[in-house]
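Participant: Structure below; questions to follow.
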Amino acid sequence: MGCCASADALPDVILPDPAGESEFIVEAAGSFTKHFVVLNKQREKWLFLRKDNGSFWDPSCSVQLENYVRADGEDQGEVLGTVTIEGNEPEFKMEREIEQDEENNHYWWEESDDEEETEYKAKMKWSLDKKAIFKTKLGAVSAELKIKMAGKSKAEVEITDKDDGSQERKTTAKTKVKKIFYTLMHNGEEIPITYDNKDWDAGDRTWECPPFRAFYDERSGRDTLDVSTTAVLHPCESLLMAFVLGFFMHPKFITEQMERYAVRAAEQMAFHHE
């Protein structure tokens, strides 16, 4: 069957493909899989989101939406739509400086007066530009969703040398988002998206537009994305758009990755200067 055999196992009852207004629940297909399962409101298996390759941070990443109708001997269902995420890695503006008070200092390290304690700080400005290209089950391009996001991240690694020869390491990081824009185009026409333009590190988040409403519910154990579609677009199209917003273009996931970049830079400085 394949590495995700248990994750994409057939349900007891194969439900008809979505049509008209629909309600979906999307969640990870398991603890150790990159794929996602789509449930109905009764939490019955309905559809499957198969993540073929890459991640949001790679030059290209693709996901296909399938039902559970499979030909004999096949381990994949009929494809109802696909999405490919494209774009370069985030752009960073940073410099290596010794002086902390440099006006355009985006990246620096400094040693404290206390010889037993050393602080390594990384500070960077970043910008992100990605887009998702959606195709119907017939392979025709139907929509494009872009995200543009910019902010600042900083991290600090504090190393304290103990009298017994050991070291104590403390790492802190935080990110401030300057701006974020979503642009959704369907067959050449823009569809406006409304969303909370604040609390970028919050897990719970809602996106709304005429075709759908998506609510990301951050739970302990397994997060879910609740999607309600209207008759404006085919429900499979709307589902894929909501999925990309919730699991790929969620501001919290992006800010967390930016902080990881900053922490990595600070830790590299600490390694080279120890």
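The values are calculated or read from the model by the stated rules, or taken from the named source; none is laboratory data. Everything numeric in this text was worked out from a predicted model, so none of it was measured. Neighbour counts are summed over all protein chains in view; Cβ atoms, including those assigned to glycine, are modelled from backbone coordinates with ideal geometry. SASA here: full protein model, heavy atoms, side chains in, ligands and nucleic acids out. Shrake-Rupley method; radii C 1.70, N 1.55, O 1.52, S 1.80 Å.
Participant: Would you be able to tell me the number of residues in region 248-272 that are of a type outside the set (Phe, Trp, Tyr) and in contact with a Pro (Cβ under 9 Å, 6 or more places away or on another chain)?
Facilitator: Count: 3.
Participant: I'm trying to understand the selection: among the residues of region 15-39, which are over 14 Å from the mean Cα position of the chain (by Cα) and assigned to a strand (DSSP E or B)?
Facilitator: Result: Glu23, Phe24, Ile25, Val26, Val37, Val38, Leu39.
Participant: Do you know which residues across region 197-216 are within 19 Å of Phe243 (Cβ to Cβ), open to solvent by 20 Å² or more (accessible area, probe 1.4 Å) and modelled with pLDDT under 95?
Facilitator: Across region 197-216, the qualifying residue is only Asp204.
Participant: Among the numbered conditions (1) of a type outside the set (Gly, Ala, Ser); (2) part of a loop (DSSP other than H, G, I, E, B); (3) at pLDDT below 95; (4) open to solvent by 40 Å² or more (accessible area, probe 1.4 Å), tell me where Gln42 comes up short.
Facilitator: (3)
Participant: Which one is farthest from Lys34 (Cα to Cα) among residues in region 52-65 that are of a type outside the set (A, V, I, L, M, F, W, C) and either in contact (Cβ under 8 Å) with a residue 24 or more places away in the chain or surrounded by fewer than 18 Cβ atoms within 10 Å (Cβ to Cβ) (or both)?
Facilitator: Only one residue tops the list, namely Pro59.
Condition check ((1) over 29 Å from His234 (Cβ atoms); (2) of a type outside the set (Gly, Ala, Ser); (3) modelled with pLDDT under 95) across all residues:
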| site | (1), (2), (3) |
| --- | --- |
| Asp12 | no, yes, yes |
| Asp72 | no, yes, yes |
| Val79 | no, yes, no |
| Glu99 | yes, yes, yes |
| Glu102 | yes, yes, yes |
| Asp113 | yes, yes, yes |
| Glu116 | yes, yes, yes |
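Participant: Also, I was wondering about something else. Among the residues in region 67-78, are any open to solvent by less than 30 Å² (accessible area, probe 1.4 Å), over 21 Å from Glu259 (Cα atoms) and not in a loop (DSSP other than H, G, I, E, B)?
Facilitator: Within region 67-78, not a single residue is open to solvent by less than 30 Å² (accessible area, probe 1.4 Å), over 21 Å from Glu259 (Cα atoms) and not in a loop (DSSP other than H, G, I, E, B).
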